[in-house]
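Throughout, read-outs are computed from the coordinates displayed, never taken from laboratory work. Keep in mind it's a predicted model, so treat the numbers as computed, not measured. Don't worry about glycine lacking a Cβ; one is built from the backbone with ideal geometry, like all the others, and counts go over all protein chains shown.
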Amino acid sequence: MSNALPDPGSLVVGADSASVMQQAAARVAEVLADAVAIRGVATMALAGGNTPRQLYRLLSGSPHAESIPWGQVRLFLGDERWVPTDHPQSNARMVRESLLAALPEPPEFFPMPTDLADTAEAAQAYRDALAREAPPETEGGLPRLDLLLLGMGDDGHTASLFPGTRILDARETVAAVFVPRLAAWRLSLTLPVLNAARHVLFLVTGADKAPMLARVIGEGPCRTLPASLVKPEDGVLAWYVDRAAAARLEDHSER
Ligand code: 6PG
């Protein structure tokens, strides 16, 4: 089966990770500025893990630190590990270090609370925060995030939506999930929220992701490949990948 995307415009391939992150940063700046111009505020959920660090550093430096209206941006997390906020594995810590620390006018940041009694309480607290700071806009009462940044694991997960986990069927906006593969708890936005976003931007780099990227783009959507279930109902999906990750895709040209 061809791996060509239905909409070739939704795949941006950079010669290397630096190139594709620069292109992603420009797109993030454009989407945020447009959202603020239209609605006076922009809501963005951030990907965790290692890949987006480079992007966040670009966004925290010139010209994006000055050109993006950060004072009107509200930042959320797509998912979080169930660890203390100062833990090396904390996504909130990674965001603070790579994005917020260097911004002259930091945006409002709503990290997922990992200092509460348990993950159920934390998931409820984040559902409340999301409802307060990104008010429901769809008929089903979901927020429509202006921009959602996502990564992809080599097992096809995205956010903390791992293959074979019950969170794939969650209907609430935020849920806790135990991930057997990691023997760890996570908090995550759920598929209804991801698919209600106005813009979804996947960031995937490195040769180790090439086999899974080809499957997610070529075979999806299917539950064994959760990243392939992200299909914004009324939004724009784009993949920002480097040449190494795109190696198994057909019909792509670098930008
Ligand atoms: C997380 C992420 C997760 C991540 C993928 C890819 O908290 O780990 O949200 O979904 O995007 O695991 O991680 P890398 O970018 O580190 O490869």
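Net charge of the neighbourhood of Met112, taken over other residues with C-beta under 15 Å away and scored Lys/Arg +1, Asp/Glu -1, is -3. The stretch between Glu30 and Thr224 holds 66.5 nm of extra length on full extension. This uses 0.36 nm per residue minus the Cα-Cα distance. Once the C-beta distance of Asp155 and Ala247 is scaled by a Förster radius of 22 Å, the resulting FRET efficiency is 0.75 to the nearest 0.05. Distance between the pseudo-spin-label points of Ala101 and Thr138 (7 Å out from Cα toward the beta carbon): 3.6 nm. What's the whole-number percent of alpha carbon pairs in region 152-255 lying beyond 15 angstrom? So the pairs more than 15 Å apart make up 63 percent of the total in region 152-255. Among complete DSSP H helices in the chain, those whose alpha-carbon atoms stretch at least 20 Å along the helix's long axis and whose mean Kyte-Doolittle hydropathy reaches -1.0 are 17-39, 119-133. Amide hydrogen proximity for Val73: with H placed 1.01 Å from N in the peptide plane, the residues at 5 or more positions away or on another chain lying under 5 Å are Ala42, Glu108.
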